[in-house]
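The values are calculated or read from the model by the stated rules, or taken from the named source; none is laboratory data. Nothing here was measured: the structure is a model prediction, and the numbers come from that model. Don't worry about glycine lacking a Cβ; one is built from the backbone with ideal geometry, like all the others, and counts go over all protein chains shown.
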Amino acid sequence: MAKYLLLKHYRGAPAAVNDVPMDRWTPEEISTHVQYMRDFAARLEGTGEFVDAQALAAEGTWVRYDGEGRPPVTDGPFAETKDLIAGWMVIDVGGYERAVELAGELSAAPGAGGQPIHEWLEVRPFLTEPPTITE
Amino acid sequence: MSTQLDELLLRSLAPSVLAVLVRRGADFATAEDAVQDALVEAVRVWPAGPPRDPKGWLVTVAWRRFIDATRADAARRRREELVDEEPEPGPAPGVDDTLQLYFLCAHPSLAPSSAVALTLRAVGGLTTRQIARAYLVPEATMAQRISRAKRSVSGVRFDQPGDVATVLRVLYLVFNEGYSGDVDLAAEAIRLTRQLAAAIDHPEVAGLLALMLLHFARRAARTAPDGSLVPLAEQDRSRWDTASIAEGVEILQAALARDRLGEFQAQAAIAALHADAPTAEETDWVQIVEWYDELVRLTDSPVVRLNRAVAVGQADGPRAGLAALAELDDSLPRHAAVAAYLHDLDGDLATAARLYAEAARHAPDLAERDHLTRQAARLNARRSR
């Protein structure tokens, strides 16, 4: 088994095919979308492949260490940051092909007009623990 | 029994208890749940009042749970037939039934991850929660994985002979995926392989058991206190577990003597040659290359050829290793890592450093990535001096 992160971007991904911002959808379209995501997660739990799903607020803060005894420096949010993560799903699947298959299905979530968004999702493998047998 | 509950003893009884229920006509999925319930009940009540016949106790409790589970549903009539036919809980044939369970849980219709989970639960007696923690997935996900697996094999006849090779692949996976949790999966894989070796006389089962014991013996030495990987050549060999090595070598020799070589015996032979060398310098690389030749013949695996190139580099020099490597597809996983190592041995530090860094970018696990990055950093620091 291999774990993969399916990463969804607010910004930074190539444009989706059905690229209408969510606030221009009808309320029903939003409900349908949310239900699709829930059903998708429930289905993956049923197949024994679901690990985690989380959504992130659109705005965050940059933080860095500022030396001994000093409070951390904070900055942002930066409106110009190119890459902005919207959320993720973590799956535990048989291999890369299955991860791509599932990401494709997730990308088909309905958006404006009830049509699939075709949004780009980033599929990233997790680094594993080292195998016990090494040679 | 002492009042201290021996969890391993308890779990070792799980497969034979399950087999008794299935032999009595219980369906596999419900019977397996019933055995889990009985194990949980045993953990609760045995410390205060240990039974004289632990297995008989488990069979009785599990059977009762099975009857309870089927009472409410449509299977009532069938259940009543079963109760009428219930045999005396006398001596149950343990060995063959356990073997059948291994076959069922490693059935070729199951995905490897499902076979692993089902084997750990039904044969290993682990709880869903323990398995979920070991594989770092939510308990609900693991529960579904197991129940789907049970449904998949529900139509398989219990007395159908299975293929030992599929069982060995599952046990190998359990051993090799070094995930953590409160269960030591490597130790659990050894326990299950030992149990299998007792149930079936097969040189490859012995070969896998030997392979596991020989690698398990090195475990304490292969990780530094900070968690980083220590390569074989740099391990403190005084920390290798000599009892585990001795047992592995003995099992392997008995298996090899039967002259039915298979890939696990050949892999174990390589591990035994490493175990046999008092220092890394004294390793018999010529013999190791010969075993890799056998492995290539047996498996025709590109990964084996890659490891063979490393051994050739040690036996005949890094140039010979690089020549062996040149015959292989450079898109193979770990190809760059092997190339880096051979160039390192050959003294071409610039190339080695570049390849170590490239290999680090493609490393599938964190410890290996860190190790390769350190190797690149070591060479770069030396070159800039």
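Any residue in region A:65-83 that is surrounded by 12 or more Cβ atoms within 10 Å (Cβ to Cβ), away from every other protein chain (no Cβ under 14 Å) and either within 19 Å of the chain's Cα centre (by Cα) or assigned to a helix (DSSP H, G or I) (or both)?
yes
Conditions: (1) without any contact (Cβ under 8 Å) to a residue 60 or more places away in the chain; (2) among the acidic types (Asp, Glu); (3) surrounded by 17 or more Cβ atoms within 10 Å (Cβ to Cβ). Residue B:368 meets all but one. Number of the miss?
(1)
Residues B:138, B:112: which one is closer than 19 Å to residue B:205 by Cα, within 14 Å of another protein chain (Cβ to nearest Cβ) and surrounded by fewer than 19 Cβ atoms within 10 Å (Cβ to Cβ)?
Values: B:138 fails: closer than 19 Å to residue B:205 by Cα.
Going through B:138, B:112 in turn, just one is closer than 19 Å to residue B:205 by Cα, within 14 Å of another protein chain (Cβ to nearest Cβ) and surrounded by fewer than 19 Cβ atoms within 10 Å (Cβ to Cβ): B:112.
Just to be sure, is residue B:281 assigned to a helix (DSSP H, G or I), more than 14 Å from chain A (Cβ to nearest Cβ), within 24 Å of residue B:187 (Cβ to Cβ) and not aliphatic (A, V, I, L, M)? Write out each step before concluding.
Working: assigned to a helix (DSSP H, G or I): yes; more than 14 Å from chain A (Cβ to nearest Cβ): yes; within 24 Å of residue B:187 (Cβ to Cβ): no; not aliphatic (A, V, I, L, M): yes.
The answer is no for residue B:281.
For region B:305-326, check the following and say yes or no: at least one residue is in contact with a helix residue (DSSP H, G or I) (Cβ under 8 Å, 6 or more places away or on another chain), at pLDDT below 95 and closer than 24 Å to residue B:369 by Cβ.
No; the residues of region B:305-326 include none that is in contact with a helix residue (DSSP H, G or I) (Cβ under 8 Å, 6 or more places away or on another chain), at pLDDT below 95 and closer than 24 Å to residue B:369 by Cβ.
Does residue B:110 count as out of contact with any Ser or Thr (no Cβ under 7 Å at 6 or more places or on another chain), outside any helix (DSSP H, G or I) and not assigned by TED's automatic domain parsing to the domain that holds residue B:43?
On the way: out of contact with any Ser or Thr (no Cβ under 7 Å at 6 or more places or on another chain): no; outside any helix (DSSP H, G or I): yes; not assigned by TED's automatic domain parsing to the domain that holds residue B:43: yes.
Judged against the criteria, residue B:110 is not a match.
How many residues are over 30 Å from residue B:162 (Cα atoms) and within 13 Å of chain A (Cβ to nearest Cβ) if we restrict to region B:199-233? Break it down stepwise before answering.
Taking region B:199-233 first, the residues over 30 Å from residue B:162 (Cα atoms) are B:217-233.
Then drop every residue that is not within 13 Å of chain A (Cβ to nearest Cβ), which leaves B:217-224, B:227-233.
Counting residues in region B:199-233 that are over 30 Å from residue B:162 (Cα atoms) and within 13 Å of chain A (Cβ to nearest Cβ) gives 15.
So that you can scan it fast, the table gives a plain yes or no per residue for (1) within 14 Å of chain B (Cβ to nearest Cβ); (2) within 14 Å of residue A:6 (Cα to Cα); (3) over 15 Å from the mean Cα position of the chain (by Cα):
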{"site": "A:23", "(1), (2), (3)": "no, no, yes"}
{"site": "A:36", "(1), (2), (3)": "no, no, no"}
{"site": "A:45", "(1), (2), (3)": "yes, no, yes"}
{"site": "A:50", "(1), (2), (3)": "yes, yes, no"}
{"site": "A:55", "(1), (2), (3)": "no, yes, no"}
{"site": "A:62", "(1), (2), (3)": "no, no, yes"}
{"site": "A:96", "(1), (2), (3)": "yes, yes, yes"}
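Looking only at region B:144-172, which residues are facing another protein chain (nearest Cβ under 9 Å) and either in a loop (DSSP other than H, G, I, E, B) or aliphatic (A, V, I, L, M) (or both)?
So the first thing to find is which residues in region B:144-172 are facing another protein chain (nearest Cβ under 9 Å), and the list is B:144-149, B:172.
Of everything in region B:144-172, those that are facing another protein chain (nearest Cβ under 9 Å) and either in a loop (DSSP other than H, G, I, E, B) or aliphatic (A, V, I, L, M) (or both) turn out to be B:146, B:149.
Go through region B:203-222 and report how many residues are of a type outside the set (Gly, Ala, Ser) and either touching a residue at least 60 places away in the same chain (Cβ under 8 Å) or in the same structural domain as residue B:99 (by TED's automatic domain parsing) (or both). Can you show your working first?
If we filter region B:203-222 for residues that are of a type outside the set (Gly, Ala, Ser), which is where we start, we get B:203-205, B:208-209, B:211-216, B:218-219, B:222.
Right, trim to either touching a residue at least 60 places away in the same chain (Cβ under 8 Å) or in the same structural domain as residue B:99 (by TED's automatic domain parsing) (or both) and you get B:203-204, B:208, B:211, B:214.
Adding up the residues that qualify gives 5.
With B:34, B:26, B:19 as the choices, which residue is out of contact with any strand residue (DSSP E or B) (no Cβ under 7 Å at 6 or more places or on another chain) and outside any helix (DSSP H, G or I)?
B:26 is the lone residue from the list that is out of contact with any strand residue (DSSP E or B) (no Cβ under 7 Å at 6 or more places or on another chain) and outside any helix (DSSP H, G or I).
What is the residue count in region B:269-278 for residues that are more than 10 Å from chain A (Cβ to nearest Cβ) and part of a helix (DSSP H, G or I)? Talk me through it step by step, then tell me what you get.
Of the residues in region B:269-278, the ones more than 10 Å from chain A (Cβ to nearest Cβ) are B:269, B:272-273, B:275-278.
Going one step further and asking which of them are part of a helix (DSSP H, G or I), we end up with B:269, B:272-273, B:275-276.
Residues in region B:269-278 being more than 10 Å from chain A (Cβ to nearest Cβ) and part of a helix (DSSP H, G or I): 5 in total.
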